[in-house]
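A short write-up of the structure that comes next.
The values are calculated or read from the model by the stated rules, or taken from the named source; none is laboratory data. Computed from a predicted structure; not experimentally measured. No Cβ is skipped: glycine too gets one built from the backbone with ideal geometry, and neighbour counts run over all protein chains shown. Accessible surface is based on the protein model in full, side chains and every heavy atom, while ligands, DNA and RNA are left aside. Shrake-Rupley method; radii C 1.70, N 1.55, O 1.52, S 1.80 Å.
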Protein chains: 2
Amino acid sequence: MTADPSSRPARRGRPGYDLESLLAVAVDLFNERGYDGTSMEDLSRKLGITKSAIYHHVSSKDDLLRLAVDRALDSLFDVVAEVETMPGRAIERLEALVRGSVAVLAEQLPYVTLLLRVRGNTDVERAALARRREFDRLVADLVNEAEAEGDVRPDIDPNVTARLLFGLVNSLIEWYRPDRGTSSSQLADAVCKITFDGMRIRSAPRQAGHQG
Amino acid sequence: MTADPSSRPARRGRPGYDLESLLAVAVDLFNERGYDGTSMEDLSRKLGITKSAIYHHVSSKDDLLRLAVDRALDSLFDVVAEVETMPGRAIERLEALVRGSVAVLAEQLPYVTLLLRVRGNTDVERAALARRREFDRLVADLVNEAEAEGDVRPDIDPNVTARLLFGLVNSLIEWYRPDRGTSSSQLADAVCKITFDGMRIRSAPRQAGHQG
């Protein structure tokens, strides 16, 4: 769990941890015990350095949380920005957003996990929730657009479709571990196959009412 | 949040709370603050009764957790037992299991929420996780069987399909609130449409390789 501080030169001339490795340990600890349940004292014990050595890098526990959730959010909004420049149909942009989000989740699993567990008790948490809601709105807009273009089934409220889709993506944090055989792109394929095309095989013509 | 103790006669001759209403308040508090972050002191303050009045009903905080998660698990295994008696194809039993699980989740939202957040720090939590794993195995077996019967796409590892399917179901606790317009059976319909048939409309014959 603990980063190996000897393997890279410390920044800012401090022995032990640079901000990056300190943040990684803090995020693991927050995920393990909950943000509210972790004190700077706990963190200093885990790192084996004094609290004042931590305060050399960040001004508060909140600061660590902000750095961590902003990293995940910035990456997700980078995907949004990329997707928004794509030409073509909304359903293709939606699929690209799902694939990009799965990739961010896999690459930054502890950061995304922390983000998705934020409850809104502090300003930092409320700001993170506001950005999450903005992301969710963008997803719902894309689903709406894809439905208007005739590509997404109209028999489910687009807001519900959007929530189910990203509910599935977000649930990956509960079980997906990148080191256990399934690559992030295989995972994205599986997620898109299930949600866009379904897991049922239709060998015969489909029943009336199911075909679009 | 607080149950109204005056609206029903207390069991066991105690004024204030019966076990049922006490449990409901405890589960809400555990979900709000985390199980580890909630003390019997917190609970006694929330209920407005002494700790010894709580110990009249249960012997420990663990006892409350066990009662709560067992309620959710017993309901989920009732669905399993019912599904296992169904004749017909595995994919139909799988769909019935999804629908039944969504219904349990909607009816017992706080209890299922608590169950899904259990981390495994105590014997009660480890026992709950073991029953969850057993449930997950049953889901994976059904997906395997449905794939062998030619009803489920074979191009995704059945264990991954099972995890994605119930990942989606479990993610409902993050946003679904039964009192906000979408009924539990509408929700189950939406979940099954997305996961079994996909959200994409296919008006023309599908591309080669997609058809089963």
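Before moving on, here are some points about what is shown:
- Length gained when the stretch residue A:136-residue A:32 is fully extended (0.36 nm per residue, less Cα-Cα span): 34.8 nm
- Mean Cβ neighbour count within 10 Å, used as a protection proxy, ranking B:111-118, B:176-183 highest first: B:111-118, B:176-183
- Largest first, the extents of the alpha carbon coordinates of region B:66-197 on the three principal axes equal 41, 37, 27 Å.
- Residue by residue along A:164-176, Cβ atoms of other protein chains within 10 Å of the local Cβ number 6 on average.
- Taking the helices alone, the protein assembly as shown has a mean residue ellipticity at 222 nm of -19500 deg cm²/dmol, built from -39,500 (n - 2.57) per DSSP H run of at least 4 residues and averaged over all its residues.
- Per residue of peptide A:157-163, the mean number of Cβ atoms on other chains within 10 Å of the residue Cβ is 4.
- Candidate lysines - alpha carbon under 20 Å from residue A:51, same-chain residues fewer than 8 apart omitted: A:61
- Binned Cα-Cα distance frequencies in the protein assembly as shown - 10 Å width, integer %: 4, 19, 27, 25, 16, 7, 1, 0
- Where B meets A: accessible area buried, both sides, 1.4 Å probe, Å²: 4100 Å²
- Length-normalised contact order for chain A - Cα pairs under 8 Å, 6+ apart - percent: 18 percent
- Cross-link reach is defined here as a Cα-Cα straight distance under 26 Å, omitting same-chain residues fewer than 8 places apart; for residue A:193 the lysines meeting it are B:193.
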